[in-house]
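Please treat every number below as a calculation from the coordinates, not as lab data. All of these numbers come straight from a predicted model, not from anything done at the bench. Cβ placement follows ideal geometry from the backbone for every residue including glycine, while neighbour counts extend to all protein chains displayed.
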Amino acid sequence: MDKDVLILAIESSCDETAAAVVKNGRTVLSNVISSQIALHTLYGGVVPEIASRKHIEKINQVITEALEKANVTLQDIDAIGVTYGPGLVGALLVGVAEAKAISYATKKPLIGVHHIEGHVSANYIEHIDLEPPFMCLIVSGGHTHLVVVREYGVYEIVGRTRDDAAGEAFDKVARAIGLGYPGGPKVDKLAREGNKKAISFPRANIEGAPYDFSFSGVKSAVLNHINSCTMKNEEVNRADIAASFQEAVVEALVNKTILAAKDYGMTKVAIAGGVAANSALREAMSEKCNANGLKLYYPSPIYCTDNAAMIGVAAYYEYLNGTRHGLDLNAVPNLKIGQR
């Protein structure tokens, strides 16, 4: 393609209001994020109605800032990409309505993007050599999936969680040991002070489904350990609990990813989603990939958490594939990977 393709991307699936301008699917010209973490920390988690209201307040501001930082105007944009699922329905609706309004006013194509496919696409930003096919572990607060990325925009799910997502388990354990919200980064930080071998928490293996995950058992084991210590008037060593819990989760994530990559003949492995920023996961996955001759890719932390740059990348490849949505595009809070 001779002409550069500029995508204006909008992300509002949860508690970050974000906009970005992405060139040719690999170059981020701007990436603006307005986070609501401080607000939702007061309630111990995301409050959907408050998140939606904040998106309404911030969305025009972040889009204006994204265009200014990229030094472009709406007339320079080739298409508008927007997350339309999965996520909080009220939050999604704000972004979708904004994108449809801009598309209608500018007569530019509208491209709905799957939020989790956006997370996968975040890996393309900093890794110019990464191209499909590859195995991708998607780990976030709402999702834990093993996916074969066959082509750009073509995904085959080979493993998934049967209960809690990995990020959800991190949040629940963080709450149980008094760390508060958001749990993932706080558990990661505290775990560095603890002994990861101090407590033996379970690793679930599901018969007949070697690539599937289950984290409800390890979460329950943590709660039982805390209760047992309390009843016996024993010290609750929060750092050891954090380290041992994290070790159990990371071991399951890494071992199943490596197994799936080898079984499916993949030479490249990527990780994506908020939990992909976890330092223990990155270190363990790197060691295992090196030991098995696999090349590992992961985004910088800013592209692991929710952002619009990743949506712009995914939208670019959808744009090349001819994907276009009409003004009847709606939010789909339970949108499945690969669903169109």
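Numbers at a glance
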{"quantity": "Antiparallel DSSP beta bridges within segment 1-120, as percent of all bridges there, nearest 5", "calculated": "60"}
{"quantity": "Euclidean distance of C-alpha centroids, segment 54-106 and segment 157-217, integer Å", "calculated": "34"}
{"quantity": "Under 30 Å from the Cα of LYS107 - lysines, other chains or at least 8 residues apart", "calculated": "LYS3, LYS23, LYS54, LYS58, LYS69, LYS336"}
{"quantity": "Rounded to 5, percent antiparallel among DSSP beta bridges of the chain", "calculated": "60"}
{"quantity": "Full-stretch length increase - ASN205, LEU223 - with 0.36 nm per residue and alpha-carbon distance subtracted", "calculated": "4.5 nm"}
{"quantity": "Mean-position separation - Cα centroids, segment 237-272 and segment 31-45, in angstrom", "calculated": "28"}
{"quantity": "Under 5 Å, built H, 5+ apart or other chain: amide partners of ARG160", "calculated": "LEU146, ASP212, PHE213"}
{"quantity": "Contact order normalised by residue count of segment 48-187, Cα under 8 Å, 6+ apart, percent", "calculated": "14"}
{"quantity": "Ordering of 261-274, 293-306, 64-77 by burial proxy (mean other Cβ atoms within 10 Å per residue, highest first)", "calculated": "261-274, 293-306, 64-77"}
{"quantity": "Cα gyration tensor shape for segment 178-222, rounded if a/c is under 1.5, else prolate or oblate", "calculated": "prolate"}
{"quantity": "Relative contact order %, the chain, counting alpha carbon pairs below 8 Å whose residues are six or more apart", "calculated": "25"}
{"quantity": "Listed peptides 135-146, 92-103, 227-238 by packing density, highest first (mean Cβ within 10 Å)", "calculated": "135-146, 92-103, 227-238"}
{"quantity": "Mean Kyte hydropathy of -0.5 or more with a Cα span along the axis of at least 30 Å, helices from DSSP in the chain", "calculated": "238-263"}
{"quantity": "In nm, spacing of pseudo-spin labels at ASN60 and GLN75 (7 Å Cα→C-beta vector)", "calculated": "2.1"}
{"quantity": "Pairwise Lys count, segment 132-299 - Cα closer than 13 Å, eight or more residues apart or different chains", "calculated": "7"}
